[in-house]
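Input: a single structure, listed below in structure tokens.
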């Protein structure tokens with residue numbers, strides 16, 4: 001009887017320890033996220049499952065072209081996945097030919113799936129304050145991103161983390177390209 005009680009207590013403590021470690025990992029290290037929609041095509045597809053790295057931005061600043069995860073303010077439990085284009089202290093403008101200007105110079109990048117048709121609020125130059133980021137989806141003509149006032153400029157404190165690795169579908173498992 002005493003040995004059985006010891007075994008039950010030992011197993012219970014083991015499960016509590018596993019739950020505690022799981023909580024720490026989910027809260028501070030990583031989070032599974034599922035892509036919903038086509039706004040990041042061709043980089044990410046609908047139903048892709050990702051692990052979001054929540055730890056690295058505690059030690060370094062987000063960089064241009066990082067793919068980030070952040071909550072959408074107007075819908076509970078809705079998260080957006082977008083690519084950082086503009087950094088704090090920079091000016092961002094998009095013309096009607098789809099060119100992105102950072103500090104008055106055309107940004108050389110090849111993430112957009114096609115030529116952007118609509119500049120949105122970035123038709124007028126936007127100055128990003130400290131801790132503010134301008135984000136775009138890779139499928140620019142089918143993306144709600146910083147051009148849309150409902151998404152707008154993203155404050156650093158809203159960034160959950162960086163999309164790090166695709167874990168599903170199994171045929172596409174691997175680290176995500178940011179730069």
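Taken together, the values in this text are just the output of simple stated rules run on the coordinates, not laboratory data. What you are looking at is a predicted structure, and each value in this text was computed from that prediction instead of being measured. FYI the Cβ positions are ideal-geometry reconstructions off the backbone, even for glycines, and counts take in every protein chain you see.
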- [ ] Could you tell me how many degrees, from 0 to 90 and to the nearest 10, lie between the Cα long axis of helix 2-24 and the main elongation axis, the longest principal axis, of the Cα atoms of the chain?
- [x] 10
- [ ] Apply 1/(1 + (r/R0)^6) to the Cβ-Cβ distance of residue 96 and residue 56, taking R0 = 45 Å, and write down the FRET efficiency to the nearest 0.05.
- [x] 0.80
Task: Potential extension, residue 142-residue 72 segment - 0.36 nm per residue separation minus Cα distance - done: 23.5 nm
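What FRET efficiency, computed as 1/(1 + (r/R0)^6) with R0 = 35 Å and r the Cβ-Cβ distance, is obtained for residue 47 and residue 1, rounded to the nearest 0.05?
FRET efficiency, residue 47 to residue 1: 0.10.
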Task: Which of 15, 59, 134 has the fewest Cβ neighbours within 10 Å, and the rest in rising order - done: 59, 15, 134
TODO: Using only the alpha carbon atoms of the stretch 103-167, find the Kirkwood hydrodynamic radius as the inverse mean reciprocal pair distance, in angstroms to one decimal.
DONE: 13.4
Open item on the list: From Cα pairs below 8 angstrom and at least 6 apart in sequence, can you work out the relative contact order of the stretch 57-140, rounded to a whole percent?
Closed with: 31
